[in-house]
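Below is one structure; the comments refer to it alone.
The values are calculated or read from the model by the stated rules, or taken from the named source; none is laboratory data. In this text the structure is predicted, and so the values were computed from the model without any measurement. Glycine gets a Cβ as well: all are built from the backbone with ideal geometry, and neighbour counts include every protein chain shown.
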Amino acid sequence: MTTNAHRFELIETMRADSQGQIPMLVGHLQRLQASALNLGFNWPGRVAVEQTIQAALLKITTPASSTRVRLLMTPDGQLHITTAPLPALQTRPLVALASLTLDSHEALLQHKTTQRPWYDPTTQWLAAHHDFFDLIFLNERAELCEGSRSNIYIQQNNAWLTPPLACGLLGGVMREHLLSTHQVREAVLTRTDFEQPAASLRLSNGLRGWFDVLRAESLFPRRAFP
């Protein structure tokens, strides 16, 4: 455990529906609490966090079909919440491999924080390439990890597989739901698995759920990706 003298904050990014409800709220709260306690943040209590979220939702004056709710928690337990309409996801966005390699031993990969410098170049690149939803990272063993904003899944033998946490990735709330409901299972996946021409790919995150993507590695040189 570390002390609470951090210079970063914890993040939860959630989707609220048109009724102002967050379907995956329990999972978000569980993950936030686990990270807060593990990293030495002051945890204000689940009831207080949920009340702060609900108060922010009540301030939405023009409800959209879906709303992006972003929560930041400081090391001393203060909460800051912003909301914005969530645009519709394009039918089948593109995905490709990033050139940067992740270190599977980096402990912060398993916590959603503002301390994510390894994803900064990808975030900037995605902002200029709107056909892409994400870039997928490999670790030092050439195993698939995750995207900068999503978990990844590959279908093999009619089963959907996703990398285990030990590969170096965040346990996404939607990923945990899919695992607990036995819709997916964990397995070590490699770059070769990703690059199979006939591979069926999906991504997931708390905002967008679980959705199909198209691999675009063959369309662009790898040096084009950060």
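Screening region 104-139 for residues that are under 15 Å from residue 189 (Cβ atoms) and of a type outside the set (Phe, Trp, Tyr) and picking the one that is surrounded by the fewest Cβ atoms within 10 Å (Cβ to Cβ) gives 104. Being in a helix (DSSP H, G or I) and either more than 30 Å from residue 42 (Cα to Cα) or modelled with pLDDT under 95 (or both) holds for only one residue in 108, 126, and it is 126. Apart from one condition, residue 100 fits all of (1) at pLDDT 95 or above; (2) in the same structural domain as residue 138 (by TED's automatic domain parsing); (3) not in a loop (DSSP other than H, G, I, E, B); the exception is (1).
Scanning region 85-103 for residues that are touching an Asp or Glu at 6+ places or on another chain (Cβ under 7 Å), surrounded by fewer than 16 Cβ atoms within 10 Å (Cβ to Cβ) and not acidic (Asp, Glu) yields 92, 101. I'd like the residue in region 185-205 that is among the aliphatic types (A, V, I, L, M) and not in a loop (DSSP other than H, G, I, E, B) and, out of all such residues, is nearest to the chain's Cα centre (by Cα). The extreme case among them is 203. The single condition among (1) at pLDDT 95 or above; (2) of a type in the set (Phe, Trp, Tyr); (3) closer than 16 Å to residue 99 by Cα that residue 225 does not meet is (1).
Residues in region 51-58 include none that are among the hydroxyl-bearing types (Ser, Thr, Tyr) and in contact (Cβ under 8 Å) with a residue 60 or more places away in the chain.
With respect to the conditions (1) at pLDDT 95 or above; (2) over 26 Å from residue 133 (Cα atoms), residue 114 falls short on a single one, namely (2). Scanning region 31-61 for residues that are part of a loop (DSSP other than H, G, I, E, B), surrounded by fewer than 19 Cβ atoms within 10 Å (Cβ to Cβ) and in contact with a strand residue (DSSP E or B) (Cβ under 8 Å, 6 or more places away or on another chain) turns up 44, 59, 60.
Cβ-Cβ distances below 8 Å connect the following pairs, each with a first residue in region 130-153 that is at positive phi, a second residue that is among the hydroxyl-bearing types (Ser, Thr, Tyr), and a separation of six or more residues or different chains: 142/190. Filtering region 62-84 to residues that are surrounded by fewer than 12 Cβ atoms within 10 Å (Cβ to Cβ) and part of a strand (DSSP E or B) leaves 82, 84. Restricting 185, 149, 202, 141 to residues that are within 20 Å of residue 70 (Cα to Cα), out of contact with any Lys or Arg (no Cβ under 8 Å at 6 or more places or on another chain) and modelled with pLDDT of 95 or more narrows the list to 149. Restricted to region 64-79, and to residues there that are in contact with a helix residue (DSSP H, G or I) (Cβ under 9 Å, 6 or more places away or on another chain) and not β-branched (Val, Ile, Thr), the residue that is nearest to residue 23 (Cα to Cα) is 71.
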